[in-house]
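Following: one structure in structure tokens, then a few remarks.
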Amino acid sequence: MLALRTFLVAAVLLLLGSQVGVVRAQISGDEWTSPTYGFTASWAGTDWRPDANAMLTAVGPEKLDRLHLINGVSSLYVEGATRYKGSLPACVETEAALLAQEGGVSNIRPFEDEEGAPLIADGPNVSSRAFQLTLDAGGEGLELVDYIECRVLVPGESVLIITLVAEPDNFRDQMSLAQPVMDSIMIPGGQRNLLQVYGGVREAAQSQPSLTGPRSGEVAFGPGELGVERLGVSEANIYVRAQFAHPEPEDIDLWDIGVGFRDAGDDNQFRVIVDSDGRWFFKYGLHDVIAQGRITDFDASAGGVNTIEVVAQGDAGFFAFNERIVAELDLDESDVAGDVFVGSGFFDDDAAGAGLLPFADVEVWAAPVENVTETPATPEPSTSAMLGSAGFASITKLAMTSPPVGGPASGDLTQHVGAAAVAGAGVTLENFVAEVSFVNPEAAEQSWDAGIAFREQPNGDHYRLIIAADGAWQYQIGTQAPISGGMLPVVNFAPGAENTITLLVDGSNAAFAVNGFFVATLDASALSGASDVWVGSGFRRANVTVGAVTGYRDFEVWELPDAVGGLEPQSSLDPGAVPERLALRLHEVDDSGVDALGALTGDGEHATLTVVTRDAAGDEVAGVFAGSCRNLAEAPLQV
């Protein structure tokens, strides 16, 4: 049980001048290590400070470890516990229910953004919600937002719980300030990048001829009848992909689709099942459900097609739906080689009437026994001073002080099958800042995705950054396996609401924000060269509704300023070399009274002076002069 976290936060809000207690042994510098679970969290470079008096170690039967950070305005908790058997849905729902048990807490409801959309995000190994509540603080009602994010520590055993508590008016800002701490969390042994591992296994499997398929047909289901089509293989480690259409007759209200694997006969097999209400289940035969959850992009329309993909590799696997990873699977129950089947009618409620389920392009490949892609246990620290939310904000703000080289443009993207609907900015740039707002479909049940594409190559390869209606984001080259991805901190889900993407691309690095929240840095080292920049929709087949229109607004592209940038790592420069860009930001010394900063790099004819100054409004303005120092007086700074 939580130890009245929200009440502690209220005390912090009312006593802003309180001092941080003596730091305990598990804190080293600006980093805390969970004594029980071994994960780490860092607040280096932020205004967060630990409240050592509120830290806990292995408390109670759930072995609760807690780090409490405060910044004088809000509170951030990072906890590990053997709760919920590692179940993310149970974690979020129960943590929210515990709020109602805290003294003085009332009027708990989902927190909504300016568009009236709740802040909800779910994905592999992470789930989050935000709630607003009223706290009785000394007879006065204090409105607070409680953001809860759960991550898997040990599948089936323990969870990591992140809680941010702030006032509604500054929640957006506090969420941005908390993001670097949340992003810094490292789980022992390195937290695998599920997208990279899954993509690597799938790519390795498909590099060889398939074991069987592609096969098409239909299965009959009905009351008490599970219809299956077995594929005739005998493998433990597999990658299977199957597409399912709407069953006949068309007036069936509820049905399910699924894949069985490691099938040893009778009811001895793993089953991944998805019903037309968007609920998914992972089971072994008729035993209890091992894992379950919800998806948002099940296409239940008469012409809808849904795709299930399953990877089984040793004692772990993956389940993907409509080309998006949904969950990592625990396969400890069985490692036997077996058949694979597709089917319908797994649950009685889904087979109340007789029907025929068409399936198509069902194919099975042998998967490698060992992982072909591993993520390092500890990521290499970035050498760029600008790879963070503050630097991203500074660079984009500076770029936007100049007129855009493309836009502003608004329009509609009409979806069709086979290719994403795109619109170009009419520029030719390698490094740039782009921003666009996409309008959600008016139909609440319609799936959607939207994104930005750039650096197109002669062979058609290009980077694409995509956000989707379920709150997930992916970054990839064309239709290849994702390079990176995750869950967005904020998405406006409401019909007709807008979501704004801001993208910064500089050399081998990039970064992006959604709705003003910094999300992540991106690796842009594989593709280089200038090209147009495009906005698009319908990148994933599951999100395409033929003839549907996705609106975009205020699409603008700015050339990246030469004076400021810095996403290019600087530490690899040869001694004496002049960096192309210099990271220089006044916001780092905002409290000093300094009104300008200057830095001189290089020498002789290659000297560069970079100056950052404040304008009359207090905002930053950058100017640069490149040339020998003796000529500096002959030319003004170029602003």
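The values are calculated or read from the model by the stated rules, or taken from the named source; none is laboratory data. Since the structure is predicted, the reported quantities are computational estimates derived from the model, not experimental observations. Heads up, the Cβs are rebuilt from the backbone with ideal geometry, glycines too, and the neighbour counts pull from every protein chain shown.
Please verify whether Leu98 is in the same structural domain as Asp51 (by TED's automatic domain parsing) and in contact with a Phe, Trp or Tyr (Cβ under 8 Å, 6 or more places away or on another chain), treating the condition exactly as stated. Spelling it out, it is not the case that Leu98 is in the same structural domain as Asp51 (by TED's automatic domain parsing) and in contact with a Phe, Trp or Tyr (Cβ under 8 Å, 6 or more places away or on another chain).
Give me a count of the residues in region 512-547 that are touching a helix residue (DSSP H, G or I) at 6+ places or on another chain (Cβ under 9 Å) and at pLDDT 90 or above. Adding up the residues that qualify gives 1.
Take the residues of region 148-164 that are surrounded by fewer than 22 Cβ atoms within 10 Å (Cβ to Cβ) and hydrophobic (A, V, I, L, M, F, W, C): which is farthest from Gly486 (Cα to Cα)? Taking the candidates together, the pick is Val154. The set of residues in region 60-82 that are of a type in the set (A, V, I, L, M) and free of Cβ contacts under 8 Å to residues at least 40 places away in the same chain comprises Leu64, Leu67. Annotation: Ile108 fulfils all but one of (1) on the phi > 0 side of the Ramachandran plot; (2) at pLDDT 80 or above; the unmet one is (1). Restricting to region 295-304, name every residue that is surrounded by 15 or more Cβ atoms within 10 Å (Cβ to Cβ) and farther than 18 Å from Gly345 by Cβ. Within region 295-304, Ile295, Thr296, Asp297, Asp299, Gly304 meet the criteria.
The C-beta contact set for region 518-543 (first residue without any contact (Cβ under 8 Å) to a residue 40 or more places away in the chain, second residue surrounded by fewer than 19 Cβ atoms within 10 Å (Cβ to Cβ), distance under 6 angstrom, 6+ apart or interchain) comprises Ser525/Ser508. Could you tell me which residue of region 396-453 is farthest from Gly303 (Cα to Cα), considering only residues that are within 22 Å of the chain's Cα centre (by Cα) and of a type in the set (Val, Ile, Thr)? Applying the filter and picking the extreme gives Thr396. Suppose the filter is within 25 Å of the chain's Cα centre (by Cα), buried (at least 20 other Cβ atoms within 10 Å of the Cβ) and either modelled with pLDDT of 85 or more or of a type outside the set (A, V, I, L, M, F, W, C) (or both); does Leu64 pass it? Here the answer is no, as Leu64 does not meet what is asked.
Quick grid of which residues meet (1) in the same structural domain as Gly227 (by TED's automatic domain parsing); (2) at pLDDT below 80:
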{"residue": "Gly303", "(1), (2)": "yes, no"}
{"residue": "Ala312", "(1), (2)": "yes, no"}
{"residue": "Phe321", "(1), (2)": "yes, no"}
{"residue": "Val326", "(1), (2)": "yes, yes"}
{"residue": "Asp349", "(1), (2)": "yes, no"}
{"residue": "Thr375", "(1), (2)": "no, yes"}
{"residue": "Glu380", "(1), (2)": "no, yes"}
{"residue": "Ser384", "(1), (2)": "no, yes"}
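For region 447-472, the set of residues classified as within 21 Å of Val557 (Cα to Cα) and surrounded by 21 or more Cβ atoms within 10 Å (Cβ to Cβ) consists of Asp449, Ala450, Gly451, Ile452, Ala453, Phe454, Arg455, Tyr463, Arg464, Leu465, Ile466, Ile467, listed by residue number.
The set of residues in region 494-532 being aromatic (Phe, Trp, Tyr) and crowded, with 21+ Cβ neighbours inside 10 Å consists of Phe512, Phe518. Taken as a whole, region 81-89 holds at least one residue that is part of a strand (DSSP E or B), surrounded by 15 or more Cβ atoms within 10 Å (Cβ to Cβ) and at pLDDT 85 or above. The numbered conditions (1) of a type outside the set (Lys, Arg); (2) at pLDDT 85 or above; (3) not assigned by TED's automatic domain parsing to the domain that holds Thr40 are all true for Ser207 except (2). Each residue in region 50-73 was checked for being among the basic types (Lys, Arg) and closer than 16 Å to Tyr84 by Cα, and 1 pass.
In region 232-256, of all residues being assigned to a strand (DSSP E or B) and touching a helix residue (DSSP H, G or I) at 6+ places or on another chain (Cβ under 9 Å), the one that is nearest to Glu323 (Cα to Cα) corresponds to Arg241. Considering only residues in region 232-258 that are under 17 Å from Gln206 (Cβ atoms) and under 35 Å from the mean Cα position of the chain (by Cα), the one that is surrounded by the fewest Cβ atoms within 10 Å (Cβ to Cβ) turns out to be Glu235.
Considered as a group, the residues in region 199-217 that are outside any helix (DSSP H, G or I) and in contact with an Asp or Glu (Cβ under 8 Å, 6 or more places away or on another chain) include one that is nearest to Ala354 (Cα to Cα), and that residue is Gly217. Is there a residue being at pLDDT 85 or above, in the same structural domain as Ile27 (by TED's automatic domain parsing) and not in a strand (DSSP E or B) anywhere in region 118-126? Taking every residue of region 118-126 in turn, none turns out to be at pLDDT 85 or above, in the same structural domain as Ile27 (by TED's automatic domain parsing) and not in a strand (DSSP E or B).
For Asp297, the criteria (1) closer than 23 Å to Val544 by Cβ; (2) at pLDDT 90 or above hold in every case but one, which is (2). Which of the residues that make up region 474-511 are in contact with a helix residue (DSSP H, G or I) (Cβ under 8 Å, 6 or more places away or on another chain), among the hydrophobic types (A, V, I, L, M, F, W, C) and at pLDDT 80 or above? Correct list: Ile483, Leu504, Ala511. Take the residues in region 259-278 that are in a loop (DSSP other than H, G, I, E, B) and of a type outside the set (A, V, I, L, M, F, W, C), then tell me which one is surrounded by the most Cβ atoms within 10 Å (Cβ to Cβ). The residue in question is Gln269.
Each row is one residue, and each column tells you yes or no for (1) in the same structural domain as Ala530 (by TED's automatic domain parsing); (2) among the aliphatic types (A, V, I, L, M); (3) in contact with a Leu (Cβ under 9 Å, 6 or more places away or on another chain); (4) not in a loop (DSSP other than H, G, I, E, B).
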| position | (1), (2), (3), (4) |
| --- | --- |
| Ala434 | yes, yes, yes, yes |
| Gln457 | yes, no, yes, no |
| Leu465 | yes, yes, yes, yes |
| Gln476 | yes, no, yes, yes |
| Gln480 | yes, no, no, no |
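Count of region 98-114 residues, restricted to those that are among the aliphatic types (A, V, I, L, M), more than 19 Å from Pro168 (Cβ to Cβ) and touching a strand residue (DSSP E or B) at 6+ places or on another chain (Cβ under 9 Å), is 0.
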